[in-house]
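Q: The following block contains the structure, expressed as structure tokens.
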Amino acid sequence: MLRAQSDMVTISRAEYERLQQYAKLDEVKQYIDKYYYQPVDSQALLDGAIQGLLSGTGDAYTFYYPEEAWKTLWEEDEGKYAGIGVQMLGDYDSSAVTIIRVFKNTPAEAAGLRKGDVFYKVEELEVTTATMQDAVNLMRGVPGEKVHVEIVRDGTVMPFDIIKAVILVNRIESIMLPDDIGYIALYEFAGGSYEDFKAAFDDLTGRGMKALIVDLRDNGGGWVEDGVRLADLFLDKALLYYTEDRTKHQEKAYVTDGKSDIPLVLLINEHSASTTEIVSGALKDYDRATLVGTESFGKGIIQDMRWLSDGKTGFQYTVAEYFSPKGNRVHKEGVMPNVEVEMPEDLRSKYFQLGDMADPQLKAAYDEAVKLAAKTK
């Protein structure tokens, strides 16, 4: 309880001792405010202090969003923003940040950026997993602005000057393949992705689909709830995954009755992560789907997003680790496919048209789907 007495405030001993923990931080700030050789933005200092506090967890998935970054985060979830048009994934072992998707009809595509390119610099910022969000912020902004990007391709640093534009994110693409094999590519679990997936699924079903391939390659995850709803299409009431927090307390997530029995194949690769691994791990555990491709990324932890009291900033932090229904650990281990198919080195950065059977992983998934469809006749 605080009690104001003119310019004095009375606080409890416990509150006083808590505030004393931050006395050294305030001491440093006072020196910077008074003696630093140039005026400093106090808000920038506080933003840096908050990020520093969170980095003390040693967890690369726990970090702060200053005001502009927090605003941008929600704009991206709506599927429209100003930027260059790439999707990135950070490898927290090597610290490398790789382009895993170049969106169609974007400045990045026009400039010649490719899937598999590794970021080196954005403007003067050296890009690592620790600075990835800062790099994203630099590549976002106002349409017409120029941003300088340097990437590493085949061991060579390549510079690009790219003009930002409004980016429209397509999260779903679908097509009917020969022999009535449906194909849906789902690029991320975000902003209406489930609704778009369900619409594509219903369309293919109405056209006589006999088996379905869901392509989750390069899907870095997103909102867990969208993954739960998608899995609910293919599983009757069952445990989808469970989490454990620091106290070993478990929370369990279930899907409901009413599944489709359509034969199912999932495509995964080394960039399939997080929510993608929740879905693929469960469908594999229940033998509901055949997984084709390569071992997934191995991000088996869940973050909570928190708005801060100013209503303009926020942060995310890791709250729990998740496990598949059979208790398989995903974090740093990944999900193994039933049918392992490596992408040849010379095809790793190639862009395949939707449904192109020159894609060896898709061809393997198609062959599996045809076999499953034949068994259900």
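Q: List every residue pair whose Cβ atoms sit under 7 Å apart, with the two residues 6 or more apart in sequence or on different chains, where the first one lies in the stretch 39-50 and is touching a residue at least 12 places away in the same chain (Cβ under 8 Å) and the second, anywhere, is aromatic (Phe, Trp, Tyr) and not in a helix (DSSP H, G or I).
A: What qualifies is ASP47/TYR64; ILE50/TYR64.
Q: Another one. Going through ASP215, ASP154, ASP179, ASP134 one at a time, which residue ends up being surrounded by fewer than 20 Cβ atoms within 10 Å (Cβ to Cβ) and at pLDDT 95 or above?
A: Checking each option against the conditions leaves just ASP179.
Q: Moving on. Just to verify a result, which residue in the stretch 207-245, among those that are among the basic types (Lys, Arg) and under 18 Å from the mean Cα position of the chain (by Cα), is farthest from VAL265 (Cα to Cα)? So that I can check it myself, show each step before the final result.
A: Of the residues in the stretch 207-245, the ones among the basic types (Lys, Arg) are 207, 210, 217, 229, 237.
Checking the rest, the ones that are also under 18 Å from the mean Cα position of the chain (by Cα) come to 217, 229.
Details: ARG217: 12, ARG229: 18 Å.
Taking the candidates together, the pick is ARG229.
Q: Which condition from (1) closer than 19 Å to PHE315 by Cα; (2) assigned to a loop (DSSP other than H, G, I, E, B); (3) at pLDDT 90 or above is the one that GLN38 breaks?
A: (1) is the only condition that GLN38 fails.
Q: Moving on. Please work out which one of (1) part of a strand (DSSP E or B); (2) surrounded by fewer than 20 Cβ atoms within 10 Å (Cβ to Cβ); (3) without any contact (Cβ under 8 Å) to a residue 40 or more places away in the chain is the condition GLN87 fails and give its number.
A: Only one criterion in (1) part of a strand (DSSP E or B); (2) surrounded by fewer than 20 Cβ atoms within 10 Å (Cβ to Cβ); (3) without any contact (Cβ under 8 Å) to a residue 40 or more places away in the chain is unmet by GLN87, namely (3).
Each row is one residue, and each column tells you yes or no for (1) in contact with a Gly (Cβ under 7 Å, 6 or more places away or on another chain); (2) of a type in the set (A, V, I, L, M).
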residue	(1), (2)
ASP218	no, no
GLY221	no, no
ASP226	no, no
ARG229	no, no
LEU233	no, yes
TYR242	no, no
ARG246	no, no
LYS252	no, no
VAL279	yes, yes
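Q: So which residues in the stretch 203-248 are touching a helix residue (DSSP H, G or I) at 6+ places or on another chain (Cβ under 9 Å) and of a type in the set (Gly, Ala, Ser), if there are any at all?
A: Passing the criteria: GLY208, ALA211, GLY220, GLY221, GLY222, GLY227, ALA231, ALA238.
Q: Based on what the data block shows, is PHE197 more than 21 Å from GLN303 (Cα to Cα), among the aromatic types (Phe, Trp, Tyr), crowded, with 21+ Cβ neighbours inside 10 Å and assigned by TED's automatic domain parsing to the domain that holds GLY258?
A: It is true that PHE197 is more than 21 Å from GLN303 (Cα to Cα), among the aromatic types (Phe, Trp, Tyr), crowded, with 21+ Cβ neighbours inside 10 Å and assigned by TED's automatic domain parsing to the domain that holds GLY258.
Q: Also: Answer yes or no as to whether GLN30 is of a type in the set (S, T, N, Q) and surrounded by 16 or more Cβ atoms within 10 Å (Cβ to Cβ).
A: Criteria not met by GLN30.
Q: Checking ASP202 against (1) closer than 23 Å to SER349 by Cβ; (2) of a type outside the set (S, T, N, Q); (3) at pLDDT 95 or above, only one condition comes out false. Which one?
A: ASP202 satisfies every listed condition except (1).
The values are calculated or read from the model by the stated rules, or taken from the named source; none is laboratory data. Fair warning: this is a prediction, and the values are worked out from it, not measured in the lab. Methodologically, a virtual Cβ is constructed for each residue, glycine included, from the backbone with ideal geometry; neighbour enumeration extends over all protein chains shown.
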